[in-house]
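The values are calculated or read from the model by the stated rules, or taken from the named source; none is laboratory data. What you see is a predicted model, and the numbers here were worked out from it, not measured in a lab. We place every Cβ from the backbone using ideal geometry, glycine too, and count neighbours over all the protein chains shown. The area values use the complete protein model at the heavy-atom level, side chains included, leaving out ligands, DNA and RNA. Shrake-Rupley method; radii C 1.70, N 1.55, O 1.52, S 1.80 Å.
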Amino acid sequence: MPPNEKERPLIVVVGAGSKHGTINSEFADSVRWGLGGALALPFAEDGYDVVLMGRRQEVLDDVRKAVEAVHITNHHAEARVLCVECDVTDDKSVEQAFGHVNTIGNSYIDLVMFNVAPPYPSNFKFQGWGEVLLPHQIDIGDMNKQYDTQVNGLIRISKQVLPGMIERKRGCILLSGESCCNLHGGFEFGSVAPARAALRSLGQSMFQAYGPMGIHVCNINIGGIIDSPKTRQWTKKEELTNPNEIAEQFLNVYKQKSTVWSYEVNLTPGFSSRKWKGVLPIVSLVEDGMKGRGTKVMLLLTHPSSMGAFYLLHLMVTKIESSEYIIIGYHPLRFYIIFSYLRTRSTSIFRIRLCGFLTRAPASAI
């Protein structure tokens, strides 16, 4: 049945803190604990009651003070904040945590933001930071931990909240994820991407299963590096994504009407396009090298799905007329897009080398 008009919706943040355990008062509350500490803040601005869940009570208490301050600043003194310890890898811990939440009077759980992931393996290295951890070097125990925390963790949470949402015929579950792991597993992310991808897949199944019941499940894939005391050690602040601005998008998705629910949301910082400002000199260099060398153009796209690769493709094809293009890459699913584009530029036969195999396909047949 629908909730009583006197009942207040509860916003539950699972993973409301930093997995790095960094508590640094020099940083603003919106970035002090990364995304976990920021997720509740836009909801607090609107006066929602908030439940903060995590493994470390001391971190939750600090986040609670920040949320309460936002409530007061925005004249929502009546709004409540509750901190509950919860380990999503432990069945009993999850049951006890939500058992405690269910004792809150005049309320119902309307939204769960699942922001849970264990730290990267201790021997993980980003490309350029040392020897990358390759798939055959992955520790099975750590991989099982990644999967149990995220996929099984969501299942444990779902067992506690979905029966009530189904009965009320309303509710929302939002899953936070990393684009570099959810959408495509970069070669250095083999130790963490599989569990992230599995979480995304489960979220897609949940969207289809529970949508007709009035429950919105959505993956929110986050591109870029999230600003936090930890990531400030990695790069400049200007190259980081503000976690409070990410959290605002969670609020926007939560407020969507059921006729326009998002199946999935991809968040990407606009400044990331600056990485490709070196493409124009490359095109000029290729164009100069083509002079007097015939009409064959070879495009080496190490990742044809990337924005930079397509931008380079567009510039080269528009600036260099050719009767034949040879495209080398490793992502067959993306070649249909490239074919479709090149078909508008030429009627020639395109030769494509995929994973060492050479095939021919006339443009008219694509």
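Can you tell me how many residues within the stretch 77-95 are under 21 Å from V63 (Cα atoms) and either assigned to a strand (DSSP E or B) or open to solvent by 20 Å² or more (accessible area, probe 1.4 Å) (or both)?
10
Pairs, please: C-beta under 8 Å, at least 6 apart or cross-chain, first residue over 21 Å from R200 (Cα atoms) and open to solvent by less than 50 Å² (accessible area, probe 1.4 Å) and in the stretch 160-178, second part of a strand (DSSP E or B) and of a type in the set (S, T, Y)?
Close Cβ pairs satisfying both conditions: G164/Y108; R168/Y108.
Only one residue in G164, G177, G211 is touching a Gly at 6+ places or on another chain (Cβ under 9 Å), under 30 Å from E7 (Cβ atoms) and not in a loop (DSSP other than H, G, I, E, B), so which one is that?
The match here is G164.
Check S191 against each of (1) open to solvent by 20 Å² or more (accessible area, probe 1.4 Å); (2) part of a loop (DSSP other than H, G, I, E, B) and name the one condition it does not meet.
Of everything listed in (1) open to solvent by 20 Å² or more (accessible area, probe 1.4 Å); (2) part of a loop (DSSP other than H, G, I, E, B), S191 misses just condition (1).
Take the residues of the stretch 230-247 that are open to solvent by less than 10 Å² (accessible area, probe 1.4 Å) and either among the hydrophobic types (A, V, I, L, M, F, W, C) or in a loop (DSSP other than H, G, I, E, B) (or both): which is farthest from G171 (Cα to Cα)?
My answer is I246.
Looking at the stretch 113-120, can you tell me whether even one residue there is more than 18 Å from the chain's Cα centre (by Cα) and open to solvent by 20 Å² or more (accessible area, probe 1.4 Å)?
Checked the stretch 113-120: no residue is more than 18 Å from the chain's Cα centre (by Cα) and open to solvent by 20 Å² or more (accessible area, probe 1.4 Å).
For the stretch 181-188, state whether one or more residues are out of contact with any His (no Cβ under 9 Å at 6 or more places or on another chain), over 22 Å from P243 (Cα atoms), not in a helix (DSSP H, G or I) and not hydroxyl-bearing (S, T, Y).
Looking through the stretch 181-188, at least one residue is out of contact with any His (no Cβ under 9 Å at 6 or more places or on another chain), over 22 Å from P243 (Cα atoms), not in a helix (DSSP H, G or I) and not hydroxyl-bearing (S, T, Y).
Cβ contacts < 7 Å: first residue without any contact (Cβ under 8 Å) to a residue 40 or more places away in the chain, restricted to the stretch 234-252; second residue polar (S, T, N, Q), any location; separation 6+ or different chain. Result?
If the second residue must be polar (S, T, N, Q), the pairs left are L240/T231.
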